[in-house]
1. Please state the shape class of the stretch 138-288: rounded when a/c is under 1.5, otherwise prolate if a/b exceeds b/c and oblate if not, all from the C-alpha gyration tensor.
2. Which one, Asn98, Asn186, Asn169, has the greatest fluctuation when you compute a Gaussian network model over the chain with C-alpha springs under 10 angstrom?
3. May I ask you to derive the relative contact order of the chain, considering only C-alpha pairs under 8 Å and at least 6 residues apart, and to give it as an integer percent?
4. Return the single residue from Ser256, Ser142, Ser83 with maximal mean-square fluctuation; model: Gaussian network over the chain, springs between Cα atoms under 10 Å.
5. Considering the zone a paramagnetic label at Ala203 would reach in this model (a point 7 Å from Cα along the Cα-to-Cβ line), which residues of the stretch 255-277 have amide N under 14 Å from it?
6. Can you tell which of Leu95, Leu205, Leu166 shows the greatest fluctuation in a Gaussian network model of the chain with Cα springs below 10 Å?
7. List the pairs from Lys65/Lys175; Lys146/Lys232; Lys65/Lys92 whose alpha-carbon separation is above 29 Å, in the order I gave them.
8. Helix hunt in the chain: which complete DSSP H runs extend at least 27 Å axially by C-alpha with mean Kyte-Doolittle at least 0.5?
Amino acid sequence: MALTVEDIAGHPALYRCVRAQARAMNQIYEISPRLSSVFATQQRWLMAHIGLALHFRREPDDYRKELTAARFIDVIRQNDVASRNTADAFVKEMLHYNFIELLPSSQDGRIRPLRPAAGALEVVAGWALAHLRTLDSLDRASRLEKFLAQPDGLARLQPLVADGLLSSNPVREPKRTFSLFTWLNNGGVVMDRLIASVDPDHAGLDRIPTGVLSIADFANWLKLSRTHLTRKLRDAEELGSVGWLGQRGHSVMWVSSGFYQEYMTAQAVKLAIIDAAFSAGFPHSRRN
């Protein structure tokens, strides 16, 4: 059986396992910052998962079920993820940066199928591997091994993950500080960087020190405007979610215990969705 949110959230090793996961996500970002940023805001993250699910569920012999811009936009609207204009702009951006590519016309010359570029799929696979590794670390199972043993592992897993994300109220309506960052460009990367630098042994403190010392350095690593990042951090500071042990922006930054728990709860929800998808996509994989 898949691990539940409660199983994951209450696991004594969660903090350390999620810190390792956050560090893995930081490494993926450093290798491919522009593509990783697609998965670093809630709306774009969901749109990307919808597009990938349409790709993996396509039927090459039926041109009407190929991934196309029109089908993508329709599904985005059906799931209330974004407006038609936002979805259309997202497709154009992905084409511009070669994250997706147009295929030759099929039977109907008016239809231009799309597919993710190989490099984009590698980043998505890295995302999946990081989360499966976290799950394995919690219960000593072998999801990662079984996933890697299947050439179509990502095609089996990702559409089911997308279904779970889209049907999850906690994912669609995140709370307080987590919501604040999920709508920031690279907001997911901001949170991962903060949590990756936290010592889990300090998790019981009201104000948990991070490894962030300089807003300028933080913004430069994130490839964000310092002004924009400072504004969002001030918003989080007003909520009591972040702060500075000394002079603002020139001392160790802390995150509140409430924000830390918000992040961990959000990870537990996501990991439970991924584990449920794995159980459904790999039904004959016995847990070791």
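1. On the way: a/c = 2.31, a/b = 2.08, b/c = 1.11.
Prolate, since a/c reaches 1.5 and a/b exceeds b/c.
2. Asn169
3. Taking the mean separation of contacting Cα pairs over the length of the chain, I get 26 percent.
4. Ser83
5. Answer for this model: 257-269.
6. Leu205
7. Cα-Cα > 29 Å for Lys65/Lys175; Lys146/Lys232; rest within.
8. For the chain, where a helix must reach 27 Å along its axis and average at least 0.5, the hits are 118-139.
Readers should treat all values here as calculations from the given coordinates under stated rules, not as data from a laboratory. All figures in this text were calculated on a predicted structure; none of them were measured in a lab. Every residue, glycine among them, receives a Cβ derived from its backbone with ideal geometry; neighbour counts consider all protein chains shown.
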